[in-house]
Structures are given as C-alpha cells and as structure tokens.
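Rule-based calculations on the coordinates, nothing more; no lab input. Worth saying up front: this structure is predicted, and the values here are computed from it rather than measured. Note that we place each Cβ from the backbone using ideal geometry, even for glycine, and neighbour counts take in every protein chain shown.
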Amino acid sequence: MENRIQELRKERRIRQEDLAEAVGVTRQTIISLENGRYNASLLLAHRIAAYFGLTIEEVFLFDEEEQR
Amino acid sequence: MKQNGLFSEQEREFEKRCRRRILAQKLLFLLGALAVFASLMYEKWMPVLFLEPGGREYVTEFYLVLGAALMAASLVQIYRTRRCLRDPELKKAKQLAESDERNRLIGLKCWAVSGYAMFLLLYLGVLVSGFVNMTVSRVLLATVAVFAVLLGVSRLVIGRRM
C-alpha cells in the first residue's frame, strides 16, 4: 500500500527518528513503511495519521484494484 | 496494550516483563546446575539404560556441557537484563525494539518458517531413519506426533482467544 509518510515528513521537516519515537516504533519500521515494504497495522496507521493531524485515508492510499 | 502519554507502552509493563525474564533465567540456571550435578552423580543413584557402547561417557559429557552452558547463558542474560533495567537509555531502546510491531511480525514469521521447516525435516527423518536405526526412527516419530498435537492444540486455543 502506498503512503505519503515521507512526503508529509519532509514537508514538516521531521526526522525519521523523531517520527518513530512519537508513534512508538523503530526508525527501521518508518523506513520500511516509506519504502512500501511494510504495511502498518490499523493502530500504527491511526497513530501516524494523528501525529500529522490528518485522517488515515489522507496518509495511506488504498488502491482496491492493486490489492486484488 | 495500555497507553501512556502520546503513544507508548507503559514502562511498568516492560519492567514487569524484564523481572519475569530474570526469574525464568534463574530457573534455567538451577536446571543447568541440576544437569551438571546429575552428570557427576548419576552412576551412584540414577540408573540409565545403555544400549550402545560409550553410553556412560556420553551421559557424563553431554549433561555436564549442557548444564554448564545453561548456567553460563542464564548468568549472561540475567546480567544483560539487569543492566537494561538500570540504564534508562538502554531500557528505552530495548522496550522500543521489543514493542515495535514490525519486529514482532518478523519474529512470528521466523518461528512459523522454522516450524514448517522443522516439521518437514522431522518427517523426512522419520522416512529415512527406519532403514537406519529403530530407536532413532521411533524417537523421531514421537517428536513428529508431539509437534502435530501441539500445533493442533495451540491453533484451537489461540483461535478461541482471537
């Protein structure tokens, strides 16, 4: 699943370490999320969206066709 | 998972886990000591069936080394866990690494892959060992059976909980 984490993080000049610490994961997890190698759980997705002050749908781009 | 502050697992829960770990390691240390004791004293009061030559020496060496290794490993783990509890930075890093969902998922997948591979290897062992040694064949068969039962039971239990 694609997401806008890197885009949003850079816009706000937030480091990966800071985002990781804020949402309670390791920096490696943030890297994997940004690279699309790992899909966040619902709880983590909610945490990240809340951190950016956005909804989950605004951060994570769910493509139903791609999932099929 | 209980939340404290913005989004973090409660520190107390992690500390409790560490203390339980220390207790488990102490038990392992005792088990190791018991193995060492048994290896040195078995001839006097623990009858053992030996079907192969060199069996007595094997029992002494095997349980001595196993017991010593258990004792050493548990001491190291106790030291590392206590150091982690004393050092706030180390404690925070360890807590994060353990609670990280991606790390947890990697751990689960590792166990799953190892379990599948182990089951397959055991089965292959059962197929081959019948032509080599009856005792080995029976032990492997029993191991496969226990593995299968554990798998079924854990599936039932976890399926009901979730």
Restricted to segment B:104-160 and to residues being within 17 Å of the chain's Cα centre (by Cα) and of a type in the set (A, V, I, L, M), the residue farthest from residue B:94 (Cα to Cα) is B:146
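Counting just the residues of segment B:75-98 that are in contact with a Cys (Cβ under 6 Å, 6 or more places away or on another chain) and either within 14 Å of another protein chain (Cβ to nearest Cβ) or surrounded by 14 or more Cβ atoms within 10 Å (Cβ to Cβ) (or both), which one comes out nearest to residue B:24 (Cα to Cα)? Give the derivation first.
Initial filter on segment B:75-98 (in contact with a Cys (Cβ under 6 Å, 6 or more places away or on another chain)): B:81, B:85, B:90-91, B:94.
Okay, now just the ones that are also either within 14 Å of another protein chain (Cβ to nearest Cβ) or surrounded by 14 or more Cβ atoms within 10 Å (Cβ to Cβ) (or both), so B:81, B:85, B:91, B:94.
Working: B:81: 12, B:85: 16, B:91: 19, B:94: 18 Å.
Result: B:81.
What's the total number of residues in segment A:31-45 that are among the polar types (S, T, N, Q), facing another protein chain (nearest Cβ under 9 Å) and touching a Phe, Trp or Tyr at 6+ places or on another chain (Cβ under 9 Å)?
From segment A:31-45, those among the polar types (S, T, N, Q) are A:32, A:35, A:39, A:41; that's our starting set.
Remaining after also requiring facing another protein chain (nearest Cβ under 9 Å): A:32, A:41.
From the residues that got through so far, the ones that are touching a Phe, Trp or Tyr at 6+ places or on another chain (Cβ under 9 Å) too are A:32.
Total meeting the criteria: 1.
In segment A:16-56, what residues are acidic (Asp, Glu) and more than 11 Å from the chain's Cα centre (by Cα)?
Filtering segment A:16-56 down to residues acidic (Asp, Glu) leaves A:17-18, A:21, A:34.
Matches in segment A:16-56: A:17, A:18, A:21.
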Practice prompt. Considering every residue within segment B:86-96, establish whether at least one is within 22 Å of the chain's Cα centre (by Cα) and either over 17 Å from residue A:23 (Cα atoms) or of a type in the set (Gly, Ala, Ser) (or both).
Written response: no
Taking segment A:15-30 and the residues there that are within 7 Å of chain B (Cβ to nearest Cβ) and of a type in the set (A, V, I, L, M, F, W, C), the one that is farthest from residue A:2 (Cα to Cα) would be A:22
The condition from (1) in contact with a helix residue (DSSP H, G or I) (Cβ under 9 Å, 6 or more places away or on another chain); (2) polar (S, T, N, Q); (3) without any contact (Cβ under 8 Å) to a residue 40 or more places away in the chain that residue B:99 misses is numbered (3)
Does residue B:161 qualify as being away from every other protein chain (no Cβ under 14 Å) and surrounded by fewer than 10 Cβ atoms within 10 Å (Cβ to Cβ)? yes
Filtering segment B:102-160 for residues that are farther than 30 Å from residue A:28 by Cβ and among the hydroxyl-bearing types (Ser, Thr, Tyr) leaves a count of 5
Counted residues in segment A:1-60 being within 22 Å of residue B:92 (Cβ to Cβ) and in contact (Cβ under 8 Å) with a residue 40 or more places away in the chain come to 1
